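Some notes on the structure that comes next.
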Amino acid sequence: MQSKLLKTILLTAVLLALPLLAAACASSPKEDAPLWSDENTLEQVYPSSSYIARIGRASSAQAAESFADSELTRHFEHSVQSVTSASQVMVNNASGTSKEEKSLERKVFVDSSMKLFALHHTQAWFDKKTKTYVVCSYLDREEAFSIYENQIKISRQNFEAFYNKARDENNYLTKISALKDCIPAADSYLSVLSFAHTLYPKSDANYEKDKETLTSIDSQIAQLKKSILFYMDIKGDSNNQIKDSLTNIFTKSGFTITESKSPYIIKVLVEPDKTYHEETITANPKVSLQILGQNTPFYSITITGSRVSGFKQAEAFVNKKIFDSLVSELKTQLPSELENKLF
């Protein structure tokens with residue numbers, strides 16, 4: 001009897017408590033999404049002036065974090081390449097020469113391993129509505145830049161080692177060659193500064209002079225070429241065929257050929273190297289060039305034409321084939337041979 005009464009009391013208590021529990025559940029506040037979990041409110045938590053932040057969503061917390069990291073990486077790739085391209089366009093406009101348009105082809109890519117340092121993540125939040133995890137990856141701009149500064153110093157020192165050598169040269173030919181040697185280090189330093197700009201724009205003022213130097217190398221080379229007047233000392237030519245071909249090659253590269261004596265000289269020796277047989281002639285022609293600047297040898301090259309043969313009675317035709325062969329080989333070989341040193 002007592003046991004039955006106790007059960008009745010417990011059942012009554014449970015029945016009375018159910019409405020109260022239901023009311024409590026109904027009145028409990030709904031879980032709010034973190035402000036950082038939505039692109040529309042992300043700025044309130046991580047303002048872009050101080051942070052770079054991106055959101056990732058996925059079916060697991062780990063995947064969401066990886067996706068957020070990849071979004072941050074993509075941001076840097078796009079931003080750095082855009083800044084670098086703008087700098088390269090500025091180089092071309094400054095030089096005003098079609099040759100320097102080649103600088104547009106020098107694309108700068110940022111290694112993804114550079115982008116993911118000083119990286120922070122929020123704790124994953126589970127969005128019950130979409131049944132996905134949300135994570136925010138973010139960088140504190142100032143903190144990340146303080147770490148990256150060492151990379152800037154290394155790139156600057158590497159570039160300056162090349163550039164100072166070029167700056168100290170008085171011979172215009174060796175100066176052009178030294179400036180060309182600067183280009184890989186300049187491109188590398190430019191990409192580092194472009195990354196620094198994306199990371200921490202407030203640092204730009206510290207490197208403005210460096211950027212001016214980096215973006216002036218092509219125009220410096222173009223100006224030096226305009227200042228060089230080459231005198232051509234040529235032996236063994238026929239009807240100026242070799243001279244005209246060399247003049248065309250050098251002027252297309254921005255140099256000037258003069259008929260007056262000059263401290264910059266192109267010495268040319270044409271050797272048909274003909275061998276006479278009983279009825280025929282064979283030839284292994286070649287042309288040797290020596291480029292001098294201020295009485296100092298700068299570069300030498302010998303270009304060999306195709307083997308030529310013909311009848312003695314048609315020696316004039318053999319001679320024509322000899323010079324046609326040499327002109328063709330000069331046009332093909334010389335620009336590529338001198339590309340990295342002078343052209």
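Quick notes
- Pick from region 305-343, criterion assigned to a helix (DSSP H, G or I) and of a type in the set (S, T, N, Q), ranking: most open to solvent (accessible area, probe 1.4 Å): GLN313
- Considering residues of region 250-267 that are assigned to a strand (DSSP E or B) and either within 30 Å of ALA196 (Cβ to Cβ) or not β-branched (Val, Ile, Thr) (or both) only, the residue least open to solvent (accessible area, probe 1.4 Å): TYR264
- So LYS274, is it more than 21 Å from ASN170 (Cα to Cα), in contact with a strand residue (DSSP E or B) (Cβ under 6 Å, 6 or more places away or on another chain) and open to solvent by 20 Å² or more (accessible area, probe 1.4 Å): yes
- Test result for ASN170, in a loop (DSSP other than H, G, I, E, B), open to solvent by 30 Å² or more (accessible area, probe 1.4 Å) and farther than 30 Å from ALA118 by Cβ: yes
- Just one of the listed residues (THR247, THR275, THR302, THR282) is polar (S, T, N, Q) and assigned to a helix (DSSP H, G or I), and it is THR247.
- Pairs, first farther than 17 Å from LEU42 by Cβ and in a helix (DSSP H, G or I) in region 69-88, second open to solvent by 40 Å² or more (accessible area, probe 1.4 Å) and modelled with pLDDT of 55 or more, C-beta under 6 Å, six or more apart: VAL83/HIS197
Condition check ((1) assigned to a helix (DSSP H, G or I); (2) modelled with pLDDT under 95) across all residues:
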{"residue": "ARG156", "(1), (2)": "yes, no"}
{"residue": "PHE159", "(1), (2)": "yes, no"}
{"residue": "ASN164", "(1), (2)": "yes, no"}
{"residue": "LYS180", "(1), (2)": "yes, no"}
{"residue": "VAL192", "(1), (2)": "yes, yes"}
{"residue": "HIS197", "(1), (2)": "yes, yes"}
{"residue": "TYR207", "(1), (2)": "yes, no"}
{"residue": "GLN223", "(1), (2)": "yes, no"}
{"residue": "TYR231", "(1), (2)": "no, no"}
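Matching residues to (1) under 23 Å from LEU338 (Cα atoms); (2) in contact (Cβ under 8 Å) with a residue 40 or more places away in the chain:
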position: PHE195; (1), (2): no, yes
position: ALA205; (1), (2): no, no
position: THR215; (1), (2): yes, yes
position: TYR231; (1), (2): yes, no
position: THR256; (1), (2): yes, no
position: GLU271; (1), (2): yes, no
position: HIS277; (1), (2): no, no
position: LEU289; (1), (2): yes, yes
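The values are calculated or read from the model by the stated rules, or taken from the named source; none is laboratory data. Model, not experiment: these values are computed from the prediction. Note that we place each Cβ from the backbone using ideal geometry, even for glycine, and neighbour counts take in every protein chain shown. Note: areas computed on protein heavy atoms with side chains; ligands, DNA, RNA excluded. Shrake-Rupley method; radii C 1.70, N 1.55, O 1.52, S 1.80 Å.
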